[in-house]
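Asks: Once you've had a glance at the structure underneath, I'll fire off some questions.
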Amino acid sequence: MSMFCRQCEQTAGGTGCTKVGVCGKNEDIASLQDTLVFGLKGISAYAHHARELGARDEQVDAFMHDALFFTLTNVNFSLERHIEMVLKCGEMNLRIMEVLDKAHVARYGSPEPAQVFTGTKAGHGIVITGHDLLDLEELLKQTEGTGINIYTHGEMLPAHSYPELRKYKHLVGNFGTAWQNQRTEFEKFSGAILVTTNCVMPLTDNCTYGDRIYMRNITGLQGGKQILDRDFSEIIAHAKALPALTETAGDYTIATGFHHNVILSLADKIVDAVKAGKIKRFFLIGGCDGAKTGRNYYTEIAQKVPKDCVILTVACGKYRFNNIDFGDIDGIPRLLDLGQCNNAFSGIQVAVALAKAFNCGVNDLPLSFVLSWYEQKAVAILLTLLHLGVKNIRIGPTPPAFISPNVFKVLNESFGLQLITTPDEDLKAILG
């Protein structure tokens, strides 16, 4: 890695400092500043959703200002202070994820396990993708009794586990898989499309759904239609005018809804299974999905995890393997989908609860983290895990380009953070 900085007038050659800043900034400081800014972007996404539901955290808001000021030209060149600030970013992300989780539960009820239909129902349809449950709730209210069926896509899948959303009978199923497949999948969906947050593919000249895709709030596509408020009358009218979907059975159902409240209700049963040797280890395999070569690693490692182990998953990385039947251990499903990326908080809560039950630290648990990253929310979640002192996390499929070799070395030495290798090699190292 070489640094690149052009945020002040001193920029080398008037184009950018690439070896060392004219001001004295080096690549490690630049790397940590990039990491901090990316973490703040993740926090802002969760804070945005929470604020839409009327929830906020003054401490998180104040940190956003302090941290951005921290990256201003010639404010701070201390490596130690930058590492402290990056870990503080992880702490603030934990706070805002908890705020958002509580806001979701307060409004929509505590999630419950659900088996989600993946086919289509005969009739008009709207597919909703992104993350915003409030958008989904308003869409469900406004389409009730219209004959339009609503389908989730991507990170909206866990919506089926919330009682106050599941009560709408026209929320019929989940169409498609992860965000990067939407071009192919939306071509096959004859109804209207609503995008509520990030993880959307730009429209191409030859796509056939550009005239029936709608964007909510800050999300936008060149050529897409914008809905700035939650009046969905235009997309509803459009959906009614489009060809109806035909009845299809779907190849499988998808299990979701294993929020930490659900798993903690099974805590005694899980602890007993561990003590009896029936559950040997837990693997948290999840994170962002993407199209880059090498992500088949996550499918393969999930398939190769021994049958006496339980897999926790979260975010859209689960689409790499959530169509596989992993069976159960004494009635405990071997695959537990915690929910959206913001439900990474559930994974933390489960880990803390298990550590308490076994009277040990989180790093002493038979628990391994194998994470996939794509964008800034994944950075924020990783910083949260590091803030909590979680060690020996494996991350991939490729190293973050914004992490300098020296910074990665520090993270490896301090936390055991390491890149994935091959499923066989990593399982051998984890299982001994």
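Asks: PRE reach from Glu375 (point 7 Å along Cα→Cβ): which of region 69-99 fall under 12 Å by backbone N?
Replies: No residues fall inside that zone.
Asks: With the contact rule set at Cα under 8 Å and sequence spacing of 6 or more, what percent relative contact order holds for region 1-142?
Replies: 24 percent
Asks: How far apart, in nanometres, would the label points at Tyr252 and Ile324 be if each is projected 7 angstrom from Cα along the Cα-to-Cβ direction?
Replies: In this crude label model, Tyr252 to Ile324 measures out at 0.9 nm.
Asks: Next question, about the same structure. Could you pull out which residues in region 18-46 have an amide N less than 15 Å from a spot 7 Å beyond the Cα of Asn74, following the Cα-Cβ vector?
Replies: Of the residues in region 18-46, 21-25 have backbone N under 15 Å from the label point off Asn74.
Asks: Report the relative contact order of the chain, percent, no decimals, based on alpha-carbon pairs under 8 angstrom and at least 6 residues apart.
Replies: 18 percent
Asks: Normalised by the residues of region 352-432, what does the relative contact order come to in percent, with Cα pairs under 8 Å and at least six apart?
Replies: Reported relative contact order: 27 percent.
Asks: While we're on this one: Which percent of the accessible area of the chain is formed by carbon and sulfur heavy atoms (probe 1.4 angstrom)?
Replies: Of the solvent-accessible surface of the chain, carbon and sulfur hold 52 percent.
Asks: How big, in percent, is the set of alpha carbon pairs in region 307-432 lying more than 23 Å apart?
Replies: Within region 307-432, distances greater than 23 Å cover 33 percent of Cα pairs.
Asks: Follow-up. Using a 7 Å offset from the Cα along the Cα-to-Cβ direction at both Val271 and Val352, what is the distance between the two label points in nm, to one decimal?
Replies: Between Val271 and Val352, the label points sit 1.7 nm apart.
Asks: Still on this structure, I have one more. What is the pair-distance distribution P(r) of region 145-204, computed from all Cα-Cα distances in 5 Å bins starting at 0, with each bin given as a whole percent?
Replies: Whole-percent P(r) values from 0 Å outward: 4, 16, 28, 25, 16, 9, 2, 0.
Asks: Among the trypsin sites (Lys or Arg not before Pro) in region 100-187, which ones are in a DSSP loop with at most 12 other Cβ atoms within 10 Å of the Cβ? Mind listing them?
Replies: When the trypsin sites (Lys or Arg not before Pro) of region 100-187 are filtered for loop state and at most 12 Cβ neighbours within 10 Å, Lys167, Lys169 remain.
Asks: If you don't mind, there's one more thing I want to ask. Please compute, over every Cα-Cα pair in the chain, the percentage with a separation greater than 35 angstrom.
Replies: 31 percent
Asks: Here's another thing I want to ask about it. Taking H placed 1.01 Å from N in the peptide plane, check which residues at least 5 places from Tyr151 or on another chain put their amide H under 5 Å from its amide H.
Replies: It is Ile126, Val127, Ile128, by chain and number.
Asks: If you don't mind, there's one more thing I want to ask. PRE reach from Glu52 (point 7 Å along Cα→Cβ): which of region 200-219 fall under 13 Å by backbone N?
Replies: Output list for this probe position: 215-219.
Asks: Check Gln340: other-chain or 5+ apart residues with amide H under 5 Å from its amide H, H built from backbone geometry?
Replies: Ala315
Asks: Mind jotting down a quarter of the surface of the convex hull over the alpha carbons of region 1-40, in square nanometres, one decimal?
Replies: Working: hull surface 11.1 nm².
If you wrap the Cα atoms of region 1-40 in a convex hull and average its projections, you get 2.8 nm².
Asks: Starting from the Cα of Thr208, step 7 Å along the direction of its Cβ; do the same at Asn261; then give the gap between the two resulting points in nm.
Replies: 4.3 nm
Asks: For n ≥ 4 DSSP H runs only, could you compute -39500 (n - 2.57) per run for the chain, divide by its residues and tell me the 222 nm figure to the nearest 500?
Replies: Details: 14 runs with 169 residues, N = 432.
Helices in the chain give a 222 nm mean residue ellipticity of -12000 deg cm²/dmol.
Asks: Further question on the same structure: With every protein chain present, what is the per residue accessible area of region 244-374 (1.4 Å probe, Å²)?
Replies: 40 Å²
Asks: Sticking with this one: Let's test the formula: R0 of 41 Å, r as the Cβ-Cβ distance of Phe4 and Thr184. What FRET efficiency results, to the nearest 0.05? Walk me through the numbers before you get to the answer.
Replies: Details: r = 35 Å, r/R0 = 0.84.
After rounding to 0.05, the efficiency reads 0.75.
Asks: State to the nearest 20 debye the size of the charge dipole of region 292-432 about its Cα centre, where the only charges are +1 on K and R beta carbons and -1 on D and E beta carbons. Before the final figure, lay out the partial values.
Replies: Details: 13 positive and 12 negative charges, 64 e Å.
The calculated dipole for region 292-432 is roughly 300 debye.
Asks: Provide the convex hull volume over Cα atoms per residue for region 83-203, in Å³.
Replies: Given the Cα convex hull of region 83-203, per-residue volume reads 123 Å³.
Asks: I want to verify the translational diffusion coefficient of region 193-250 in µm²/s; compute it with Stokes-Einstein, Rh as the Kirkwood radius over Cα pairs, at 20 °C and 1.002 mPa s.
Replies: 170 µm²/s
Asks: Oh, and also: Whole-Hz Karplus ³J(HN,Hα) for region 257-265, in order, using 6.51 cos²θ - 1.76 cosθ + 1.60 and θ = phi - 60°, x for Gly and Pro?
Replies: Residue by residue, region 257-265 yields x, 8, 4, 4, 5, 5, 5, 5, 5 Hz.
The values are calculated or read from the model by the stated rules, or taken from the named source; none is laboratory data. Since this is a predicted model, take the numbers as computed values, not measurements. Note that each Cβ is placed from the backbone with ideal geometry, even for glycine, and that neighbours are counted across all protein chains shown. We work out accessible area using only protein heavy atoms, side chains counted, and drop any ligands, DNA or RNA first. Shrake-Rupley method; radii C 1.70, N 1.55, O 1.52, S 1.80 Å.
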